[in-house]
Every structure is written in structure tokens, then in C-alpha cells.
Amino acid sequence: MAHETMTADAAVRLWNAEADEHDPISARTYGFWLYLMSDGLIFASLIAAYAVLDNKMSAFGHPMADTLLSASQGFVQTLVLLGAVLALSLGTLGLKTGARGGLALGLAVSAALGTVFVAQGLAGLDAMAAAGNGPTASAYLSCLFVLLFTHGLHLAIGVLWSLVMLVQIFRFGFTQDVVGRLLNLRLYTQFQAAVWVVVYLYVYLFGGAH
């Protein structure tokens, strides 16, 4: 099935069941999925390393998640991130009708919530470091900082990507390239949310203070 190139005012047909030619958007999406799987290996390795170092010996007398992290605060961050995913997913429904305004709103809300999520995460890491529990204090804290910072960095990239797409949808319209990038952005954001749920459950909910 092929994705049709779209003009600014034309009705959008994301799939054409009658077309037999090569579908470049699906090929790009497949390639992007391969990247996400490699990204998943990075997070799986970080979570595995955290599981190994999640003990008092690796903490070297410094506080651990049950003292440093709040499960309720992590839950707030989870709601913020899921809200960003929902806003972006609903916004991309505008691709079906060519509604650039609705898509722009979804991108803007998603970027704003993503910024809030990143800011909350950085504030938490800064507070830990200011209290003398920075990444150089122990092996456990090094792993915790790397895990949380790596995920936050991925979300920051997603925010920047959303802002770039805001410009592109108004400058170029729903072209084949723009639609492909939007669909990949949605996949990327949903994947980062799934990773965060795992981090929240294992690090915050099971290990953090309630």
C-alpha cells in the first residue's frame, strides 16, 4: 500500500490499497523501527546494570532510591509524559483530514508537556547532586544518573523534533517527507513513554519512597 503525497489543502489519503508501487514511507518507518530496537537495547543494558548495582554495597554508604526518589513524583512525571503522547497521537489524526491546525496544536501541547517532563527530571537530578549524591558518589548513583539522564536526553530530542515539525507542516504542508517524519516522531514518543513506564515501575515504584 502506498502513501500519497499531499498538498496543503487536499484531502489526505495515507494509504492507497490499489497501489502496487514501492511505499517509501513504510520503508522509512521500518528502518526507524530498527533504530528503536537498537535504542531499546541501550535502555535494556542500562536497566540491567542498574539491577546489578541496586544494593547497599554499590551505594558505598550513600542513599538509594528509597530515600532519593519519590514514587508519587514519578507518577506525576508519568502522567505528564503520557499526556504528551496522547496529545501527539490525537494531533496526528489531522493527517487524515489535512487539518494542519489540529496537528500543530497536538505538536505544541506535546512539546510543552515534554519540556515539563524534562525539567522535572533535571530538577530532581540537580537536587540529588546538590545534596552530595551526585553521579561520582558511588557506582549505584552513577548508574542511576546515567539511566535517568539518558532517558531525559531522548525526551529533549523529541521536544526539539516536535518544534521542527511545527515549522515544517506550515512551510511544506503534508508532503511525503513531512508525513513520514511525523509518523516516526509519533513512534519515537510512544517508545520513550514505554521505556519510562518500565523505569518508573522498577526504579521509582519498587525502589522509591512512597
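Quick notes on this structure:
- Residue in the stretch 119-141 that is without any contact (Cβ under 8 Å) to a residue 24 or more places away in the chain and within 30 Å of V178 (Cβ to Cβ) present: yes
Table: residues versus (1) modelled with pLDDT of 95 or more; (2) of a type in the set (G, A, S).
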{"residue": "F60", "(1), (2)": "no, no"}
{"residue": "M64", "(1), (2)": "no, no"}
{"residue": "T67", "(1), (2)": "no, no"}
{"residue": "G83", "(1), (2)": "yes, yes"}
{"residue": "L93", "(1), (2)": "no, no"}
{"residue": "K96", "(1), (2)": "no, no"}
{"residue": "A99", "(1), (2)": "no, yes"}
{"residue": "V116", "(1), (2)": "yes, no"}
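- Enumeration of residues in the stretch 64-93 that are in a helix (DSSP H, G or I) and over 21 Å from the mean Cα position of the chain (by Cα): A65, D66, T67, L68
- Lone qualifier among L88, L41 - being more than 30 Å from A108 (Cβ to Cβ) and not small (G, A, S): L41
- Any chance F170 is in contact (Cβ under 8 Å) with a residue 40 or more places away in the chain, surrounded by fewer than 19 Cβ atoms within 10 Å (Cβ to Cβ), at negative phi and over 22 Å from the mean Cα position of the chain (by Cα): yes
The values are calculated or read from the model by the stated rules, or taken from the named source; none is laboratory data. Only a predicted model underlies this, so the values are computations on that prediction, with no experimental measurement involved. So basically every Cβ, Gly included, is an ideal-geometry build from the backbone, and we count neighbours across all protein chains shown.
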